[in-house]
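J.: Mind having a look at this structure? Questions to follow.
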Amino acid sequence: MPRTDKVCFDRILPSDLARPISGRMFAISSGPARAAFQIAKLWPNGTTIHVRFLGGTSSQQRQVKQFSIEWTEHANLRFEFSNSPSAQVRIAFEDDGAWSYVGTDSLGIPSNQPTMNFGWVDQGVVLHEFGHMLGMIHEHQNPASNPIQWNKPVVNAALGGPPNNWDQATIDHNMYAKYDVSQLNGSNFDRDSVMLYSFPANWTLNGFQSDPNETLSPVDKEFARRVYPGRDTGSTATTTELTVYEGATQAAIGTAGEEDLYSFTVKSPGRYVIETEGPTDLVMSLYGPTGNLIAQDDDSGIDRNPRIGANLSEGKYTVQVRHYNESNGTGNYGIKVSKA
Ligand SMILES: [Zn+2]
């Protein structure tokens, strides 16, 4: 029987509630079938994500570790489970349904609060919530070739009652809202995705129903490899080392959706400025030594170039650069780091 009493909901930031679901999706221009990630919320490729448990039995914790690790066979990320006070992901086991913040939204949550919750634990829900944590959206909100025709009165009644008791805004956000198709190239709905809800045929007008997907689908795996590349070869993505004070390093966004990574080492604490130059409209993110997001910028520099100024302590920092227009933007740029 489809598991209709246990549905995951997106935990979204208050800032996201104020605007409609945006179209900032990871777009891939070839291939027939794609799941969907929110590009703006992806972790830097190669990140070690530290995970801390806030409670739970040893059996629950063991299952989470055991099942979640499958993602890292495909995505070029590592999960490190520890009691680190700076863990970016914190997992609770409260009777509060199953949910997770999406991607790097977890970084904005106070460090004493969970970023993920398991009201129940099994393989399917662990892979699903970790999928959100990696930046994946619900597959039923993928706009491309989506075959689902919701029977809204039935769905509203089911989710508006126990045990979910969702209000209409929550139902609208989690069920009917779709991401922007214009940002997706040739993406198709994947009915085998671990990110698809299970629901019975009477929730739709066209007889579409979905059984629980307890494992990663081939498309889930392929997409994880594409969004976080490098696992296939056993190497991490190329990261270019920048030297503070050196002139600008020249680079290019050569293909749409490309993400360029840089690192630099702060040897003496102080205020540092990271900026790009040139005609290309870029977005830049700065991550700290533990993978924590420090700042993101779009247009603070000259000619719509991103520019980030931040007080940094000693350590190694990562800079991620991508085009503002992920679906078809390309172009040359230079990047440099200086100490103010
Ligand atoms: Zn979910």
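Read-outs throughout are calculated quantities, based only on the coordinates presented, and are distinct from any laboratory measurement. Owing to the predicted nature of the structure, the values given are computational and were not obtained by experimental measurement. All Cβ positions, glycine included, derive from the backbone under ideal geometry; neighbour counts span all protein chains shown.
J.: If you take the beta carbon distance between Glu94 and Glu258 as r and set R0 to 45 Å, what does 1/(1 + (r/R0)^6) give as a FRET efficiency, to the nearest 0.05?
T.: About 0.65, to the nearest 0.05.
J.: If I take R0 = 51 Å and measure r between the Cβ atoms of Ser86 and Asn202 in this structure, what FRET efficiency does the formula 1/(1 + (r/R0)^6) give, to the nearest 0.05?
T.: My answer for the efficiency is 0.65.
J.: Near the amide H of Gln88, under 5 Å away, which other amide H atoms are found, from residues 5 or more places off or on another chain, if H is placed in the peptide plane?
T.: His50
J.: To continue, here is another question. Give, in nm to one decimal, the length gained when the segment between Glu314 and Ile302 is fully stretched (0.36 nm per residue of separation minus the Cα-Cα distance).
T.: Extra length from Glu314 to Ile302 when fully extended: 1.5 nm.
J.: Give me the number: length gained by fully extending Thr48 to Ala248, i.e. 0.36 nm times residue separation minus the C-alpha to C-alpha distance, one decimal in nm.
T.: Length gained between Thr48 and Ala248: 69.2 nm.
J.: Mind listing the long-range amide H neighbours of Leu196? Cut-off is under 5 Å, sequence gap 5 or more, other chains count too, H placed in the peptide plane at 1.01 Å from N.
T.: Counting only residues 5 or more places away or on other chains, the set is Glu139.
J.: Please tell me the relative contact order of the range 239-339 in percent, rounded to the nearest whole number, where contacts are Cα pairs under 8 Å and at least six residues apart.
T.: Over the range 239-339, the number comes to 45 percent.
J.: Rounded, prolate or oblate: which fits the range 239-339 when a ≥ b ≥ c are the square roots of the eigenvalues of the alpha-carbon gyration tensor, with rounded for a/c under 1.5 and prolate only if a/b beats b/c?
T.: prolate
J.: On a 27 Å Cα-Cα criterion, which of the cross-link pairs Lys65/Lys221; Lys41/Lys178; Lys221/Lys316; Lys267/Lys336; Lys41/Lys336; Lys41/Lys65 come out too long?
T.: Violating the 27 Å limit, Cα to Cα: Lys221/Lys316.
J.: Could you go through the range 303-319 in sequence order and give the Karplus-derived ³J(HN,Hα) for each residue, using 6.51 cos²θ - 1.76 cosθ + 1.60 with θ = phi - 60°, rounded to whole Hz, and x for Gly and Pro?
T.: 6, 6, 7, x, 8, 10, x, 8, 7, 10, 8, 4, x, 9, 10, 10, 10
J.: Okay, moving on. Taking 0.36 nm per residue of separation and subtracting the Cα-Cα distance, what length does fully extending Arg225 through Thr240 add?
T.: The Arg225-Thr240 span can extend by a further 3.3 nm.
J.: Under 5 Å between amide hydrogens, which residues at least 5 positions from Trp166 or on another chain qualify, with H placed 1.01 Å from N in the peptide plane?
T.: Gly160, Gly161
J.: Further question: Sort Ser285, Ser300 so that the residue with the fewest other Cβ atoms within 10 Å of its own Cβ comes first and the one with the most comes last.
T.: Least crowded to most crowded, the residues run Ser300, Ser285.
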